[in-house]
Amino acid sequence: MDTSATGRPRTPYRRRLLGRRVPVLLGAALVLALLGPFGTFADLTLTQRLAYWVGLIGLGGLAFELLTLAAGRLLSERPEAWRALLAGVTLAVAAPMTLAVALLEKSLRGKDMLDPLGLAELSVYVVLVTLLVSAIPVWLELRDRGLLAAPTPPLPLPLPLPDRPPATSAEPAFLARLPARLGRDLLALEMEDHYVRVHTAEGSDLILMRLRDAIAELAGLDGMQVHRSHWVAAAAVAGVERKPDGKLVLVLRNGLRVPVSRSYATAVREAGWVEKTGP
């Protein structure tokens, strides 16, 4: 999952792993052990089936997790390629797992499936099980990344408050949504699931709306989107850092660091932000 401007993940990786992936893997292994598909019910005892399926599902889940973490770095720069990356990860997991299942079947049940035809047939079952087991965690991960269309709760209408006058025609409409305590010195916006985290010189807060809608309401304010999950005001940029891999990181006046994706790096350079060296 994308990191926030402060570098912390919006949804902690450990919570995603222990709260989503591990329970699904264990549940799938238990169901397969009870059902005993592919002849395992007749040939193996319940204890053997548990060991068989927990071992295979655990090994496949570990391989899928490692490859998914590697693919996630590419996904942050090319979110539109998630289908191709997912297909590549699935095939990359299926190949070694097919060989592992073939060796296990030969040693455990005496079935020799190491010939090309046997491996091809076995790979179909491996891909099918991989897709079934990973479907829920992958769907949740894609939804959290904003790559799947998810129902968005209705947005509350901004109410005029005595200490927060409504926006005038001279300022962007979005500024009327800011709590009075945050002032009007907008520094950056950051996407967090169905919310937008607003950063101003006075602090930060969450507003229930989509980032693209917030950016649309900022028309007229000097700034730009620098990442799929971040928008930055031009006046907020105090400096620019360059990572060893060439990626840019904007340093804002309040100390926040905002990543610049490669797809927006050219626009950032053309705006002259890379020449900023700090206050």
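In the stretch 33-62, which residues are part of a helix (DSSP H, G or I) and open to solvent by less than 30 Å² (accessible area, probe 1.4 Å)?
Once the filter is applied, which keeps residues that are part of a helix (DSSP H, G or I) and open to solvent by less than 30 Å² (accessible area, probe 1.4 Å), the stretch 33-62 yields Ala33, Thr40, Arg49, Tyr52, Trp53, Leu56, Ile57, Gly60, Gly61.
Test Ala219 against the stated conditions and say whether it is of a type in the set (A, V, I, L, M), open to solvent by 30 Å² or more (accessible area, probe 1.4 Å) and under 16 Å from Phe174 (Cα atoms).
Yes, satisfied.
Being modelled with pLDDT of 90 or more and on the phi > 0 side of the Ramachandran plot narrows it down to one of Gly183, Gly246, Gly278, so name that one.
Exactly one of Gly183, Gly246, Gly278 is modelled with pLDDT of 90 or more and on the phi > 0 side of the Ramachandran plot, namely Gly183.
So in the stretch 114-145, with the set limited to residues that are surrounded by fewer than 18 Cβ atoms within 10 Å (Cβ to Cβ) and not in a helix (DSSP H, G or I), which one is modelled with the highest pLDDT?
Of everything passing the filter in the stretch 114-145, Asp115 is modelled with the highest pLDDT.
Modelled with pLDDT under 85, open to solvent by less than 60 Å² (accessible area, probe 1.4 Å) and closer than 30 Å to Ala81 by Cβ: is that true of Ala100 in this structure?
no
Given the criterion in a loop (DSSP other than H, G, I, E, B) and among the aliphatic types (A, V, I, L, M), identify the matching residue among Leu189, Leu221.
Within the list Leu189, Leu221, the selection yields Leu221.
Given the residues Arg257, Arg210, Arg228, Arg269, which is the only one that is within 20 Å of Asp185 (Cα to Cα) and open to solvent by 30 Å² or more (accessible area, probe 1.4 Å)?
Arg257
The values are calculated or read from the model by the stated rules, or taken from the named source; none is laboratory data. Every value quoted in this text rests on a predicted model; they were computed, and no experiment measured them. When we count neighbours, we look across all protein chains shown, and the Cβ atoms used for this are built from the backbone with ideal geometry, even at glycine. Areas reflect the complete protein model, heavy atoms only, side chains present, ligands, DNA and RNA absent. Shrake-Rupley method; radii C 1.70, N 1.55, O 1.52, S 1.80 Å.
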